[in-house]
1. Quick one: would you say residue 288 is open to solvent by 50 Å² or more (accessible area, probe 1.4 Å), of a type in the set (Phe, Trp, Tyr) and either in contact (Cβ under 8 Å) with a residue 12 or more places away in the chain or within 11 Å of the ligand (Cβ to nearest atom) (or both)?
2. So which residues in the range 89-124 are of a type in the set (Ser, Thr, Tyr) and in contact with a helix residue (DSSP H, G or I) (Cβ under 8 Å, 6 or more places away or on another chain)?
3. Checking the structure you have, find out if any residue of the range 387-396 is at pLDDT 95 or above, of a type in the set (Ser, Thr, Tyr) and more than 23 Å from residue 350 (Cα to Cα).
4. Checking residue 22 against (1) near the ligand (Cβ under 8 Å from one of its atoms); (2) more than 18 Å from the chain's Cα centre (by Cα): exactly one of these is not met. Which one?
5. Keeping to the range 218-250, report how many residues are outside any loop (DSSP other than H, G, I, E, B), hydrophobic (A, V, I, L, M, F, W, C) and out of contact with any Leu (no Cβ under 6 Å at 6 or more places or on another chain).
6. Based on this model, can you work out whether residue 332 counts as open to solvent by 30 Å² or more (accessible area, probe 1.4 Å) and either outside any helix (DSSP H, G or I) or in contact (Cβ under 8 Å) with a residue 24 or more places away in the chain (or both)?
7. Count, please, the residues in the range 197-207 that happen to be open to solvent by 10 Å² or more (accessible area, probe 1.4 Å) and touching a Lys or Arg at 6+ places or on another chain (Cβ under 9 Å).
Amino acid sequence: MSTFVVVGGDAAGMSAASKAKRDDPDLDVVVFEKGEWVSYGACGLPYYIKGEIQTLEELVSVTPEQFRQKRDIDLRTGHEVVDIDPDDRVVTARSEGGETRQSYDHLLIATGAAAVVPPIDGVDIEGVYTLGSMTDGKELREFVARSREESPVEQPDRGPACHFLESCEGAVGIVGGGYIGVEMAEALAANDFEVHLFQRGDRVLKTFSDATSESVAEHLREQDVALYLGSEVEGFEGDGTVEAVRTAEKRIEVGMALLGTGVRPRTALAEDAGIELGPTGAIETDAYRRTNRPDVYAAGDCAEAEHVVTGKPVYVPLALTANRHGRAIGQTIAGNPTEGGGVAGTAAVKAFEIEAARTGLLDHDIARDAGFDPVTETIEAKSRAGYYPEGGTVGVTLTADRRSNRVLGGSLVSGYGEGAVHRSHALVGAVTERITVGELSNYDLAYAPPFNTTWDPILTAAKVLG
Ligand code: FAD
């Protein structure tokens, strides 16, 4: 009987463990997870903190007991793997009970990513948070509950500074305008905090198109988020707990600060074992997610993947890739070699009352580096038939290669529920299948007045660009 050992019990790790065991019930599957939570949806944490989801348990798709009892997986929570010996094919894990050595025939490293903590003044002051784990989520929700209790709001009056909760403790600073920063702006504003969002660059959601970023920025401001673009946070001040966020130009008093400054792949364990990293700094793998060491795989937020447009390695730490690559590895180990597929960098975000999505290549410099001659058009069109009640607009940005007319990428923004995100799926197909703008404009998309116009905004954008 052969043994499959997994390090890390979330999306990539548990997908691989479950699939391998299902396809080959004779396989011994052992999973080491350093924390207590497995198979959790960190993506739901902003909505848990907001209060739309009541318990952390609701974010868990399969419990440890279910993995052990129903799926026959030897899941060891509270076990941190501290060493991998690829020559002897042994891992060493540490737990409260001491050290365990476990031999393997196949090994998956699925250690995920850690929130980046920038080296600035005061990051270790109490009240400066990150949001990367279930524990972080719990602490932030407790902070929200505590603040609301201490400073209840009878009638939030949307006036000047410190207007939501009744003191400056009700002001929060978010550092970073990526998707976690934007989602948390919504979660905290919904709890009556005055939100200050600092973004070093000149736009939020910088992997989306300029037009999408501008729409999101405008909407954040409409929702009373104080947005500081081109504003680099230099540090936090506070005597015991955080009291202010400081930039070169400003000092804003806050009762809490959240770092949404990106994530970094957790690679130390792999590096110590002689496993190579790629140019992105994440673990390098081939199409089967194999590393440079025999029978050692890596997947999810600790690993890189190849971009479907450029074919080059990229680091896009998102949930579907982790699940998909984990599942493919499980299949491979069970005897059916399966490629996990590339990534298009497809992402979606909700910001208060709007939604946005992006896929493929949008950045002209990156497109040029990959040998393309990029051209971009942005259109705005109605989201539903003009005569149909409700509806709004959809902004579509399309980027194509001028020489081949191939669709390289797209970015969309609409009101929440007006279809930017679901529409982006047609673009993912076009980008992945190397479709030209002309072919895209002939896609036979569905039409009915409650959903779109006869020429869906995607088709209109393709016609304008074609
Ligand atoms: P992780 O989920 O990071 O899991 C890795 C696990 O390995 C952890 O449980 C860790 O404790 C364990 N581990 C690490 N080192 C060791 C060790 N040495 N020994 C034992 N165990 C170890 N993605 C999306 O696609 N859409 C979203 O909307 C979205 N929203 C998000 C919102 C938030 C707030 C966060 C934090 C993430 C979000 N993501 C989203 C990203 C998504 O959660 C990740 O891409 C996904 O969880 C990656 O899964 P993973 O298994 O690779 O890594």
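The values are calculated or read from the model by the stated rules, or taken from the named source; none is laboratory data. It should be emphasised that the depicted structure is a prediction, and the values quoted were computed from it without experimental measurement. Don't worry about glycine lacking a Cβ; one is built from the backbone with ideal geometry, like all the others, and counts go over all protein chains shown. What goes into the accessible areas is simple: the full protein's heavy atoms, side chains included, and nothing from ligands, DNA or RNA. Shrake-Rupley method; radii C 1.70, N 1.55, O 1.52, S 1.80 Å.
1. Details: open to solvent by 50 Å² or more (accessible area, probe 1.4 Å): yes; of a type in the set (Phe, Trp, Tyr): yes; either in contact (Cβ under 8 Å) with a residue 12 or more places away in the chain or within 11 Å of the ligand (Cβ to nearest atom) (or both): yes.
Yes: the conditions hold for residue 288.
2. 111 - this is the single residue of the range 89-124 that is of a type in the set (Ser, Thr, Tyr) and in contact with a helix residue (DSSP H, G or I) (Cβ under 8 Å, 6 or more places away or on another chain).
3. Yes; the residues of the range 387-396 include at least one that is at pLDDT 95 or above, of a type in the set (Ser, Thr, Tyr) and more than 23 Å from residue 350 (Cα to Cα).
4. (1)
5. Total meeting the criteria: 6.
6. Taking the combined requirement at face value, the residue does not satisfy it.
7. 2
Conditions tested, residue by residue: (1) surrounded by fewer than 19 Cβ atoms within 10 Å (Cβ to Cβ); (2) among the acidic types (Asp, Glu).
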residue: 38; (1), (2): no, no
residue: 41; (1), (2): yes, no
residue: 66; (1), (2): yes, no
residue: 79; (1), (2): no, no
residue: 83; (1), (2): yes, yes
residue: 91; (1), (2): no, no
residue: 100; (1), (2): yes, no
